[in-house]
1. Can you name the residue in segment A:106-120 that is crowded, with 22+ Cβ neighbours inside 10 Å and under 22 Å from residue A:182 (Cα atoms) and is also farthest from the chain's Cα centre (by Cα) among such residues?
2. Kindly indicate whether residue B:41 is in contact with a strand residue (DSSP E or B) (Cβ under 6 Å, 6 or more places away or on another chain), at pLDDT below 95 and within 15 Å of residue B:82 (Cβ to Cβ).
3. Quick one: which of A:69, A:44 is at pLDDT 90 or above and out of contact with any strand residue (DSSP E or B) (no Cβ under 8 Å at 6 or more places or on another chain)?
4. Counting residues that are within 19 Å of residue B:222 (Cβ to Cβ) and in contact (Cβ under 8 Å) with a residue 24 or more places away in the chain, which strands (runs of 3 or more DSSP E) fully inside segment B:1-69 reach at least 2?
5. For residue B:212, all conditions in the list (1) surrounded by 20 or more Cβ atoms within 10 Å (Cβ to Cβ); (2) within 17 Å of the chain's Cα centre (by Cα) hold save one; what is the number of the exception?
6. Considering only residues that are under 17 Å from residue A:205 (Cβ atoms) and either more than 22 Å from the chain's Cα centre (by Cα) or without any contact (Cβ under 8 Å) to a residue 12 or more places away in the chain (or both), which ones fall in segment A:242-262?
7. Is it the case that residue B:96 is within 19 Å of the chain's Cα centre (by Cα), closer than 17 Å to residue B:133 by Cβ and surrounded by fewer than 22 Cβ atoms within 10 Å (Cβ to Cβ)?
8. Pick from A:29, A:89: which is touching a residue at least 24 places away in the same chain (Cβ under 8 Å), farther than 27 Å from residue A:172 by Cα and out of contact with any helix residue (DSSP H, G or I) (no Cβ under 8 Å at 6 or more places or on another chain)?
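The values are calculated or read from the model by the stated rules, or taken from the named source; none is laboratory data. It should be emphasised that the depicted structure is a prediction, and the values quoted were computed from it without experimental measurement. Ideal geometry is used to build each Cβ from the backbone, glycine not excepted, and the neighbour counts take in all protein chains shown.
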């Protein structure tokens, strides 16, 4: 049998460096899946949670199910990572949250030494009737920026269900990010999708969030907060389509540009199909708000300290 | 402690402050009265050193030294601070963190106590964000609490009473008294004569000029009789200026 102890320790250390608590990984009350490259290093199933997985040549295929009416109070930890400088990791994941179930997933993606790493996440999510899924994905990249991250999620939220996701890439250089999330909502279903990314050096970031408000009374929010320094670039594409009667959608995009060579753009697309649907958007692109800086300086912070506080708040 | 000597500021070819002379003593509450657009907030920004409000002429003396060339943070480190009339909001920053940025000295009031002094229950507010989810009144109270946490030598409060329900005015007065008891001076910009009455001295402004400086009773009476009914704000009568 292969001994993955060293790899486990390296991934656990990277997880800790990204802000995770190692005790969570050892707590048997918590659901867990730990994947390094294409190797499943460990998993912990708890009542109502099943995790099935198959190793692929370049990653892993998994099916994670939360059984009907199961309420899992503790977060389920998913740790993905590539420890060497080069490598590919493809995660093919099906998340099924059955009717009336509730679960929170904390996905930690660590690539601390990346020089040339490709991380692909292809997720299909089904949130059952009146079920709730929260999915928070936090990335920890090394300083070299040699990571290409391609997260793609297709989400189906059934009647009265709720899906909340947060994609966070703040530590280290982002590298290339091409985030593509699309959620289709049935009657009275709702979604909130947050993306928080700090681009540095020559990072190239593309965020596409689409919400299809198919059902009557469905609601969706796509909120992105991007900060760009040095020569980083970002494009945010927010799309909401209101097909359901009295559906409500909102896109909220803020991009802070700190570097003279940094470049930000935002393209909102709102499409009303049903006349009772109401869709709105707001976008702010530019430097840090002058009044905010002046306020913090009036409390004794230097200009740079003030900017750091404001930026870290936005990305939190 | 702070003295403005012949301070003038012009913006877009318009004289906003016109040869202001003003002195605020240690532990003094000094009210600034004036109708809208008469230069009250500009005066606050000039003293705080906002980049868009650098004086064209005159001196700002702090303990006898001209601080005109110091930036906002440098002035704050000397002990000045400003609470804006419409305070900025900070997404992702909690009230606890925001007040913690202000609290520097060990002897300053704990941030929980600062919140209580403005009528906000700490357990309900410390973990909330200083963002758009706060009402205008809540945000202004938190701004006042942050000034209290800082316990500056000079607190410039720009209309702390605007947008606050009348029942809460007493909290503002109490905070001002607490600041003074802790050794601060307060420059209090207000429209409300009731609030201005707690001052030790008062100054009335019109067209960026000092019309009157003196006891709060005298200046408030002048403001009530001359400024409130005045149909030509920012065009003060020559006789009023001559009487100054």
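1. A:119
2. yes
3. Unique residue meeting the criteria: A:69.
4. B:14-24, B:29-33
5. So the condition that residue B:212 fails would be (2).
6. A:258, A:259, A:261, A:262 - these are the residues of segment A:242-262 that are under 17 Å from residue A:205 (Cβ atoms) and either more than 22 Å from the chain's Cα centre (by Cα) or without any contact (Cβ under 8 Å) to a residue 12 or more places away in the chain (or both).
7. Answer is no for this residue.
8. That would be A:29, the only listed residue that is touching a residue at least 24 places away in the same chain (Cβ under 8 Å), farther than 27 Å from residue A:172 by Cα and out of contact with any helix residue (DSSP H, G or I) (no Cβ under 8 Å at 6 or more places or on another chain).
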